[in-house]
Amino acid sequence: MPRVSRQQKESNRERIVAAASHGFKARGFDAFGIDELMKAAGMTHGGFYNHFESKEDLALEVLNQAFTASLDTVEAVVGAHPRSSRVALNAIIDSYLSTYHRDHPEDGCASAALAADAGRDGIRAQEAYLRGLQGYIVAFTDLLRDNATQTNVKLDPRRAREQAIAMFSQLVGAQLIARAVVRADPDLSDEVLTANGKALKRR
């Protein structure tokens, strides 16, 4: 049997992570098994262990990559609005609380899609989630402080951090609630997103 090149091995690993990210965010760690995962990646079950020692290790990789991608998106939005941190914040709020994000968790941020899984899966998963959460808190704190400077408002670092934590918590909570009722009451689900978006923009 021919040996798999390093480039092909890396490509196979990326396919597994991509399939896992899609499946985990859509259905959760436990509901998306290795057989289904490898089938989605176009590979056999046995090939999984050539890349990961366990499903937990894969879940950690998914969390790390997902948060990195989300924070890169935040950075891109900030870069697109260099003159107004308030405009950048509002754009992030609109994107996070969009109906597309609600209806397509597999394409969205791990912060809402995998919060419950991280809470159930032990210290390693929580540490991976924590790294992503800290990244968001730092990014939001910087935006709030920049906005205060741009609008000549005093905002000390401690208060800015408190506001950043509350803001991000509200974004995640609103998305979780909107998803929890979208099939039973889509109008209420829309209201949850809209009401929280308006409240966050007033801060």
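Looking across Ser111, Ser95, Ser70, one residue alone is among the polar types (S, T, N, Q), within 18 Å of Leu200 (Cβ to Cβ) and open to solvent by 60 Å² or more (accessible area, probe 1.4 Å). It is Ser95. With the structure loaded, tell me whether Asp117 is part of a helix (DSSP H, G or I), closer than 21 Å to Arg83 by Cβ and among the charged types (D, E, K, R) or whether it fails that test. It is false that Asp117 is part of a helix (DSSP H, G or I), closer than 21 Å to Arg83 by Cβ and among the charged types (D, E, K, R).
Screening Glu61, Glu53, Glu75 for residues that are surrounded by fewer than 16 Cβ atoms within 10 Å (Cβ to Cβ), out of contact with any Asp or Glu (no Cβ under 7 Å at 6 or more places or on another chain), within 21 Å of Leu130 (Cα to Cα) and charged (D, E, K, R) leaves exactly one candidate, Glu75.
Can Val138 be described as of a type outside the set (Phe, Trp, Tyr), surrounded by fewer than 12 Cβ atoms within 10 Å (Cβ to Cβ) and either touching a helix residue (DSSP H, G or I) at 6+ places or on another chain (Cβ under 9 Å) or part of a helix (DSSP H, G or I) (or both)? No, not satisfied. Among residues of the stretch 52-74 that are hydroxyl-bearing (Ser, Thr, Tyr), those with a Cβ under 9 angstrom from a residue that is open to solvent by less than 20 Å² (accessible area, probe 1.4 Å) and part of a loop (DSSP other than H, G, I, E, B), sequence gap 6+ or separate chain, pair up as Ser70/Gly108; Ser70/Cys109; Thr73/Cys109.
Examine the stretch 163-170 for a residue that is at pLDDT below 95 and in contact with a helix residue (DSSP H, G or I) (Cβ under 6 Å, 6 or more places away or on another chain), and state whether such a residue exists.
Initial filter on the stretch 163-170 (at pLDDT below 95): none.
No.
Summed over the stretch 80-89, the residues that are modelled with pLDDT under 95 and either crowded, with 19+ Cβ neighbours inside 10 Å or in a helix (DSSP H, G or I) (or both) give a count of 0.
Suppose we keep only residues that are among the β-branched types (Val, Ile, Thr) and assigned to a helix (DSSP H, G or I) within the stretch 181-203. Which one would you say is surrounded by the most Cβ atoms within 10 Å (Cβ to Cβ)? Walk me through it before giving the result.
If we filter the stretch 181-203 for residues that are among the β-branched types (Val, Ile, Thr), which is where we start, we get 181-182, 192, 194.
From the residues that got through so far, the ones that are assigned to a helix (DSSP H, G or I) too are 181, 192, 194.
Details: Val181: 14, Val192: 23, Thr194: 14.
Among those residues, the one meeting the criterion is Val192.
Output yes when any residue across the stretch 126-134 is among the aromatic types (Phe, Trp, Tyr) and either open to solvent by 20 Å² or more (accessible area, probe 1.4 Å) or closer than 18 Å to Ser21 by Cβ (or both), and no when none is. Even if it seems obvious, please write down each step before you answer.
Start the filter on the stretch 126-134 by keeping residues that are among the aromatic types (Phe, Trp, Tyr), which leaves 129.
Narrowing further to those that are either open to solvent by 20 Å² or more (accessible area, probe 1.4 Å) or closer than 18 Å to Ser21 by Cβ (or both): 129.
Yes: the stretch 126-134 contains one or more residues that are among the aromatic types (Phe, Trp, Tyr) and either open to solvent by 20 Å² or more (accessible area, probe 1.4 Å) or closer than 18 Å to Ser21 by Cβ (or both).
Out of the residues in the stretch 145-168 that are within 20 Å of the chain's Cα centre (by Cα) and either of a type outside the set (S, T, N, Q) or open to solvent by 70 Å² or more (accessible area, probe 1.4 Å) (or both), state the one that is farthest from Ile92 (Cα to Cα). Spell out how you get there, then give the answer.
Restricting attention to the stretch 145-168, the residues satisfying the condition of being within 20 Å of the chain's Cα centre (by Cα) are 161, 163-168.
Narrowing further to those that are either of a type outside the set (S, T, N, Q) or open to solvent by 70 Å² or more (accessible area, probe 1.4 Å) (or both): 161, 164-168.
Details: Arg161: 17, Ala164: 13, Ile165: 15, Ala166: 15, Met167: 11, Phe168: 10 Å.
Among residues in the stretch 145-168 that are within 20 Å of the chain's Cα centre (by Cα) and either of a type outside the set (S, T, N, Q) or open to solvent by 70 Å² or more (accessible area, probe 1.4 Å) (or both), the one farthest from Ile92 (Cα to Cα) is Arg161.
The values are calculated or read from the model by the stated rules, or taken from the named source; none is laboratory data. Small disclaimer: the values here were computed from a predicted structure and weren't measured. Note: ideal-geometry Cβ built from the backbone for every residue, glycine included; neighbour counts use all protein chains shown. All accessible areas refer to the heavy atoms of the entire protein, side chains included, with ligands and DNA or RNA removed. Shrake-Rupley method; radii C 1.70, N 1.55, O 1.52, S 1.80 Å.
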